[in-house]
Amino acid sequence: MRRVIEDINLAGTGRSVRFAGTDMILERFERHDENLLPPMEFYKRLIIFGLLALGIIMFSLGIGMLGYMSFEGLDPVDAFLNAAMLMGGMGPVNTQYTDGGKIFAGFYAMYCGFVLIFSVAIFMTPVFHRVLHHFHLEGEKPEGQK
């Protein structure tokens, strides 16, 4: 695993901060001068990104359940139903009776919209990268090759 160190200039101060990390997810993508991944490696990458997106969704579902349980006093099954329906875009099932529950439901709905976009983007990143990388490789073929 290679180690990455970045220098980031602090706005106009002349000083910089160094960040170190090892083998971040985005570093695993092949560069423009490398060949496409074999299909099985690509499927593994797709599964990893799918699991990452699923983890974000499950974490968000847990936040919704905790919110409904604490603000509305719902039992875990009803809290799951409300959080899942809101994440799916259908809206809550139970009526919110407390002001805290109503405010939570509103903010949670906005958060769920963001999570949907973010999760789809994470899951589709390997696909977009592969398509763009494929077109880039086609553009670099010497003349006379098909």
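Here D99 and D75 are evaluated by their C-beta separation; at R0 = 25 Å the FRET efficiency comes out at 0.75. The orientation-averaged shadow of the Cα convex hull for the range 38-139, equal to a quarter of the hull surface, comes to 7.4 nm².
FYI, it's all coordinate maths here, none of it is from the lab. Small disclaimer: the values here were computed from a predicted structure and weren't measured. A quick note on method: Cβ atoms are made from the backbone with ideal geometry, for glycine too, and the neighbour counts reach across all protein chains shown.
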